[in-house]
Amino acid sequence: MSTSTNLVTSVGAFSAEAFALALESHKGLPSWWLERKEAAYKQFTSLAYPSATDESWRFSTRSGFKLDGFLATNSPATTAAKDIGLPGKPALTFVNNSLTESNPVDQALTQKGLVVSTLKQALKTHSEVLKAHFMAQDQRLGSAKFAALHTAFINDGAFIYVPKGMELKTPITIVHSASGANTAVFPHTLVITEENAQVSVIDYFVSDSTSAHFCCGANDLYAGHGSKLNYVGLQNWSTLDLCLQMNSTVVKRDARAQSLNLHLGGHQARHESLSQLQAPGAFSEMLALTIASGEREFDQRTLQIHQAPNTKSDLLYKNVLQDKARTIFSGLIVVDQDAQKTDAYQSNRNLMLSDSAEANSLPGLEIQANDVRCTHGATTSRVDPEELFYLQARCIPEAKAHELLVFGFFEEVLNRLEDDELHAALRTIIQSNFN
Amino acid sequence: MADTTLTSEPVQSDNPVTGIDQSAGNFSYKVDYEFDAGTGLSEKTVEYISAAKKEDPWIREFRLKALKVFESKPMPTHWATKDLEAIDFSKIRYYLSSGQKPKRTWDEVPDDIKRTFERLGIPEQERKFLAGVEAQFDSEAAYSNVKEAVSKQGVIFMNSGEALKEHPEIFKKWFGKVIPTGDNKFSALNSAVFSGGSFIYVPKGVKVSHPLQAYFRINAENFGQFERTLIIADEGSEVTYMEGCTAPKFSTSTLHSAVVELVALKGAKIQYITVQNWAANVFNLVTKRGVAHEEAEIKWIDCNIGSRLTMKYPGVILKGRKARGEVISIALANDGQHQDTGAKMVHAADETTSNIIAKSISVGHGRSTYRGMVHMPKHLKGCKNNTECDALLINTNSRTDTYPSITVRGAENKVQHEASVSKVSEEQIFYMRQRGLTEAQAMSLSVNGFINDLARQFPMEYSVELKRLIDLEMEGSVG
């Protein structure tokens, strides 16, 4: 009994001493930042681990979320980031929580107010903006404890600020990587688009495949009035890693946010995605593709909150399950009382390619306004034998036909991307990950 | 025991649920109770009930064990509504009996009880025609009549208390097997204090020609009803059971917590129909589940209109190959009501199929919730589930929730779930108003249209009653 209690309350290596040491390296940064970190550490130690009655952890292998064995201090980078197969060069590359490489963005744009920098840098130049947006949204999806850990131990991250009216044509890529045994990383990307601005940001997560890491990341996306914010999170952590990603999107009047999360890596990967539609005309598109294989677990929790009238959200999460993989999709659409004329959609499709895989779907709705259009759907099935037959009847061998249908399953999501080059790059990455 | 006489004049006091017209539907009579276990729940209460019913020791043990389970289980408020905390278990009467032996013919039923049924609107003709009436008046069956044709077929249809004494060999074999005591807090409560309910056994190959019916109601303030129903359909048999309830409106919360177990053996078919119209102060927390063996079929038709809070998720465990389960659910939540209903389908054999169709209507501040579970555990082949939930919201402050949970293992199964939320089409209302209908009439027609395809599956008299109830509920929801 006592050992299990110890396990549950264990902070692993994230002790008060380790925290003090981490805080030491942030000396000189704004006081609100240090205070917030201190408050976060207190919160991390006081909040309980998810329990068996915790609905937001239903079906999750909670026992897998143990912090024991990971290191609070950063080991030096042992590998440099390889070619990641995405168009363009990454603007910022972080290895084990520190910036290792940066490629400056077009100077003409920075002169007009574009900022692509590290969080540490931004704390000096844009302290107030950061204060208002960094981890500012409530953690409503179950990981408040780990969000507090993230805030307490975060060392650095990416800060992207797109000024009013600026439209960026090429995507900004950020690489977050972990290397060395038992490293814990806390990647963070914060993106703000001011009025009518436009940007595409790609987060690429990667780690060496020889050892386990704890990857506890978060992002804050803020789409100001009339802006357009596209986000791609390409999660390609090692298949040994314990991963948690907490994403938050705030969408303002007539703004449009699109986020696509690709889940390829992780031994146990949990992804939380919160979308808040805060003003009329806001639109949030939430997309995800997961390739689950081996004995791995992918746990995705989403929340679409409609807080203003005439808002729209559209969610499409697709999972392909192989071997003994498990997936959990738990989504909720919340329509507040005043959010009349809401148009919300939520769809979870599971493609089962193995007899030992397990798919869990919990698509939920909480509607408190009557003049709305809200639908959701969840399906779980294998490749449609009739579609397979159709292709075979046209002389396509069964294996090839099967492959085509699986790739077709992904295409429905990838087709939502406007950037063709990115679409092609992601397609190649997915296909190379799929046997 | 305390007073054996209860004043059951409608008490005008503060109602926790605002906006409810207390004068409407006050079916309440002064009744003399011969046995009364008093309020509150303890081992004494349970022993009193067991003694009053002159039960065998094993039943007494079963009850006492269940009481412990009930006490050890927490309220499931981590997922269910906090409203459950409003139940004060110490203020509830757990057992009342008018002290009569179940009657065989209508003539033997005491006049005052007949009067109650009359007010409930059971038509004279229907009373005579009823295949068998298990009219539960408070805890004990006041009237029980199995139509001759049915008993000739070898069908056993009686009060469960009687059946425990007369047919222990059948009863004991299945009792508490589909829904074990510890299934949930309220099934444990029921196992501790159950009284009344029906027991039906349909022998091999018998197709019961008439639907079996039971009417019951809660009549005493602060009095909960804990009936226990067990239906066993032997190989190749078929039976339809109907349950409808109305209750008088009282101002303090009443608790109703039934356990219904169905067993459909190979190739058998059971259809269980419920129209629930408890008063708006009743907590209706019911556990209903059936086991369908090979090629058997269990269909729950469930309609919830009344009660303050209903939590009911009829389930089917599809245990045999090619078994089939179905839940048809209609819920109407008006001001101050929360209809938390749904379905559970556990696939446990190859080629099993299940279908869930749920429609809910929320009026005023009403809240309706769909909670569903579909489970396909091991490496099964050819299992299929289809779930459709549609919610209709009438007023701007109405609320609806959907919380399904679907688990599928293996590539050979197929599951689809769809849900939608909508409001009454303004164009439809406009069209009908143009043709001379009032707004309320148009609304009522539209709502009836929304559930029409499900209502048609009810027996005639029930669908008529349902339509009438919806008309009644829609009154005053417009404007």
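The values are calculated or read from the model by the stated rules, or taken from the named source; none is laboratory data. Note that the structure is predicted; figures quoted are calculated from it, not measured. Quick reminder, even Gly has a Cβ in these numbers, built from the backbone with ideal geometry, and neighbours come from all protein chains shown.
Within the bounds of the range A:149-159, is there any residue that is in the same structural domain as A:Asp83 (by TED's automatic domain parsing), closer than 30 Å to A:Glu55 by Cα, part of a loop (DSSP other than H, G, I, E, B) and among the aliphatic types (A, V, I, L, M)? The answer is yes, given that some residue of the range A:149-159 is in the same structural domain as A:Asp83 (by TED's automatic domain parsing), closer than 30 Å to A:Glu55 by Cα, part of a loop (DSSP other than H, G, I, E, B) and among the aliphatic types (A, V, I, L, M).
Note on the range A:342-358: residues that are over 17 Å from B:Tyr403 (Cβ atoms), part of a strand (DSSP E or B) and polar (S, T, N, Q) total 1. For the range B:367-409, the candidate set comprises residues that are more than 9 Å from chain A (Cβ to nearest Cβ) and of a type in the set (Asp, Glu); within that set, the residue that is surrounded by the most Cβ atoms within 10 Å (Cβ to Cβ) is B:Asp390. When we screen B:Glu169, B:Glu162 for residues that are exposed (fewer than 15 other Cβ atoms within 10 Å of the Cβ) and in a helix (DSSP H, G or I), the only hit is B:Glu169. A:Ile430 meets all of the listed conditions (1) in contact with a helix residue (DSSP H, G or I) (Cβ under 7 Å, 6 or more places away or on another chain); (2) within 24 Å of B:Cys389 (Cβ to Cβ) but one, namely (2).
For A:His376, the conditions (1) modelled with pLDDT of 95 or more; (2) in a strand (DSSP E or B) all hold with the exception of (1). Of all residues in the range A:347-372, those being at the interface with another protein chain (Cβ under 7 Å from one of its Cβ atoms) and under 23 Å from A:Ile305 (Cα atoms) number 13. Among all positions in the range B:423-440, there is no residue which is buried (at least 22 other Cβ atoms within 10 Å of the Cβ) and either within 7 Å of chain A (Cβ to nearest Cβ) or outside any loop (DSSP other than H, G, I, E, B) (or both).
Scanning the range A:88-102 for residues that are closer than 25 Å to A:Cys216 by Cα and either in a loop (DSSP other than H, G, I, E, B) or among the acidic types (Asp, Glu) (or both) gives A:Lys89, A:Pro90, A:Ala91, A:Asn96, A:Asn97, A:Glu101. Given the criteria in the same structural domain as A:Ala223 (by TED's automatic domain parsing) and touching a Lys or Arg at 6+ places or on another chain (Cβ under 8 Å), does A:Asn103 qualify? Spelling it out, A:Asn103 is indeed in the same structural domain as A:Ala223 (by TED's automatic domain parsing) and touching a Lys or Arg at 6+ places or on another chain (Cβ under 8 Å).
The residues in the range A:373-385 that are farther than 30 Å from A:Val335 by Cα and facing chain B (nearest Cβ under 7 Å) can be counted, and the count is 1.
Only one entry of A:Ala91, A:Ala147, A:Ala136, A:Ala132 meets the criterion of being surrounded by 21 or more Cβ atoms within 10 Å (Cβ to Cβ) and either without any contact (Cβ under 8 Å) to a residue 40 or more places away in the chain or closer than 20 Å to A:Lys42 by Cα (or both), and that entry is A:Ala147.
Criterion first (closer than 26 Å to A:Asp343 by Cα, within 14 Å of chain A (Cβ to nearest Cβ), outside any strand (DSSP E or B) and of a type outside the set (S, T, N, Q)) does B:Val447 satisfy it? Criteria met by B:Val447. Whenever a residue of the range A:52-71 is within 14 Å of another protein chain (Cβ to nearest Cβ) and touching a residue at least 60 places away in the same chain (Cβ under 8 Å), its partners that are surrounded by 19 or more Cβ atoms within 10 Å (Cβ to Cβ) and among the polar types (S, T, N, Q), lying with C-beta atoms within less than 6 angstrom and at least six residues away or across chains, give the pairs A:Phe59/A:Asn360. The number of residues in the range A:413-429 being in a helix (DSSP H, G or I) and either within 24 Å of A:Trp237 (Cα to Cα) or of a type in the set (A, V, I, L, M) (or both) comes to 11. Picking from residues in the range A:11-46 that are part of a loop (DSSP other than H, G, I, E, B) and in contact with a Phe, Trp or Tyr (Cβ under 9 Å, 6 or more places away or on another chain), the one that is farthest from B:Pro76 (Cα to Cα) is A:His26. Just checking, does the range A:386-408 include any residue being among the aliphatic types (A, V, I, L, M) and either assigned to a strand (DSSP E or B) or within 11 Å of another protein chain (Cβ to nearest Cβ) (or both)? Scanning the range A:386-408 turns up no residue that is among the aliphatic types (A, V, I, L, M) and either assigned to a strand (DSSP E or B) or within 11 Å of another protein chain (Cβ to nearest Cβ) (or both).
Taking the criterion of being farther than 30 Å from A:Gln307 by Cβ, touching a Lys or Arg at 6+ places or on another chain (Cβ under 9 Å) and among the hydroxyl-bearing types (Ser, Thr, Tyr), the residues of the range A:373-415 that qualify are A:Thr380, A:Ser381.
State whether one or more residues within the range A:392-405 are crowded, with 19+ Cβ neighbours inside 10 Å and either modelled with pLDDT under 95 or closer than 30 Å to B:Ile394 by Cα (or both). So far as the range A:392-405 goes, yes, one or more of its residues are crowded, with 19+ Cβ neighbours inside 10 Å and either modelled with pLDDT under 95 or closer than 30 Å to B:Ile394 by Cα (or both). Residues in the range B:309-350 that are surrounded by 24 or more Cβ atoms within 10 Å (Cβ to Cβ) and in a loop (DSSP other than H, G, I, E, B): B:Pro314, B:Ala323, B:Asn334, B:Gln337.
Does the range A:178-219 hold any residues that are under 17 Å from A:His263 (Cβ atoms) and either free of Cβ contacts under 8 Å to residues at least 12 places away in the same chain or of a type in the set (Phe, Trp, Tyr) (or both), and which are they? Of everything in the range A:178-219, those that are under 17 Å from A:His263 (Cβ atoms) and either free of Cβ contacts under 8 Å to residues at least 12 places away in the same chain or of a type in the set (Phe, Trp, Tyr) (or both) turn out to be A:Tyr204, A:Phe205, A:Phe214. Residues that are among the small types (Gly, Ala, Ser) and either free of Cβ contacts under 8 Å to residues at least 24 places away in the same chain or within 30 Å of B:Gly154 (Cβ to Cβ) (or both) within the range B:188-200 comprise B:Ser191, B:Ser195, B:Gly196, B:Gly197, B:Ser198, listed in sequence order.
Scanning the range B:177-202 for residues that are crowded, with 16+ Cβ neighbours inside 10 Å, under 18 Å from B:Ile270 (Cα atoms) and of a type outside the set (A, V, I, L, M, F, W, C) yields B:Gly197, B:Ser198, B:Tyr201. Criterion applied to A:Ala292, A:Ala339 was being more than 7 Å from chain B (Cβ to nearest Cβ), over 24 Å from the mean Cα position of the chain (by Cα) and of a type in the set (Gly, Ala, Ser), and the one residue passing it is A:Ala339.
Every test in (1) surrounded by 24 or more Cβ atoms within 10 Å (Cβ to Cβ); (2) out of contact with any Leu (no Cβ under 8 Å at 6 or more places or on another chain); (3) in a strand (DSSP E or B) is passed by B:Cys303 save one, and that test is (2).
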